[in-house]
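Read through the structure below, which is laid out as structure tokens, and then see the notes.
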Amino acid sequence: MEIVLSIAGSDTCAGAGIQQDLKTITAMGCYGATVITAITSQNTRGVQGVMPLSAVEVRRQICSVLDDLDVHAIKIGMIPDLEVAVAVVTALKKHPAARGVPIVYDPVMISSSGRELMDPGCIEYVKEQLFRLCTVVTPNMPEAEKLLGCKLNTPPITDRAGMLLCNCYKTSFLIKGGHAAGEDMIDRLYMPDGIISEFHAPRVNSGNLHGTGCTLSSAIASALAQGSELTEAVDRAKRLVTRAIVNGRNLAVGHGNGPLWPF
């Protein structure tokens, strides 16, 4: 069984972060291992607190996993501050078991309730050091706008911005379209060779969308671990996310933005 390592924050209500990653990795038929970067106090109504773990402990966790397990893919989520970012990058660069392993990075900067989840001083370091290690980076539209400093309000602008990111950081970017208007949700995958692929999915009417980005990125990592090429991995992950939204739309978990159900 392929092993997928999730490096991310812990979500107390288990709809996002490490907990949702484990559910998704399991639903994809892989085995999930974890490194916790931060402990959050949150529920379906929002984030009440964030406590980053020490950089020493984050690096120790990564080494503990890589020293023992044969990891086939890595998903990275919440990186709360510069010290943790340095620890993650350093560990992945130096550990022999991480070489050649596909890395999917979901740049979790803002929670769905609007709380900032990444220290501003960390963003430039992540852009310059972590992006270059990744197979694909998966920002949603607000995150992509934050990275670029411009509004992505039309497809031509989004396409130019996506290719700019690819050319600058020499990796692929999947800009997710869930925040755009319309009944057809379109994610666009930009690759350094200039190929742009679109992935369409119908918008599902649901009040339970907490953890959508975590579900997508960990599903992509799982598909890559199983040998799928990137375009196929994104397609498989998109289909799982659509199923998880449909399966979760009637869940009564909490009193706010509830979780997806990938099973």
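None of the figures in this text is laboratory data; all of them are computed from the coordinates on show. Remember, predicted model here, so these are calculated numbers, not experimental data. Cβ atoms come from the backbone with ideal geometry, glycine included; neighbour counts cover every protein chain shown.
Go ahead and collect, in residue order, the members of segment 52-69 whose backbone nitrogen is under 19 Å from a label point 7 Å along the Cα-Cβ direction of TYR125.
Output list for this probe position: 52-63.
Out of all DSSP beta bridges in segment 3-248, what portion is antiparallel? Express it as a percent rounded to 5.
45 percent
Report the full-extension gain for the segment ALA252 to ASN167: residue separation times 0.36 nm, less the Cα-Cα distance, to one decimal in nm.
26.2 nm
Students often get this wrong, so check it: of LYS94/LYS170; LYS127/LYS176; LYS23/LYS176; LYS93/LYS127; LYS23/LYS146; LYS94/LYS238, which have C-alpha atoms separated by over 24 Å?
LYS23/LYS146; LYS94/LYS238
How do 193-203, 79-89 rank on mean C-beta neighbours within 10 Å, highest first?
79-89, 193-203
Any idea what the dipole of segment 3-248 comes to, in debye rounded to 20, about its Cα centre with Lys/Arg Cβ at +1 and Asp/Glu Cβ at -1?
Approximately 80 debye in magnitude.
For the chain, what is the mean residue ellipticity at 222 nm derived from helices alone (per DSSP H run of n ≥ 4: -39500 (n - 2.57); sum divided by total residues; nearest 500 deg cm²/dmol)?
-12000 deg cm²/dmol
If we sort 17-30, 136-149 on the protection proxy, mean other Cβ atoms within 10 Å, highest first, what's the order?
Going by the mean number of other Cβ atoms within 10 Å, highest first, we get 17-30, 136-149.
By how many nm would the segment from ARG160 to ARG239 lengthen if fully extended, with 0.36 nm per residue of separation less the alpha-carbon distance?
Using 0.36 nm per residue and subtracting the Cα-Cα distance, I get 25.8 nm.
So what does the Cα-only Debye profile of the chain read at q = 0.08, 0.14 Å⁻¹, as log10 I(q)/I(0), no solvent term?
Results for the chain at q = 0.08, 0.14 Å⁻¹ read -0.27, -0.91.
Which residue, GLY77, GLY15, GLY46, has the most motion in a Gaussian network model of the chain that connects Cα atoms within less than 10 Å?
Comparing GLY77, GLY15, GLY46 in a Gaussian network model of the chain, the most mobile one is GLY46.
How far apart, in nm, are the 7 Å Cα→Cβ label points at ALA14 and GLN48?
1.8 nm
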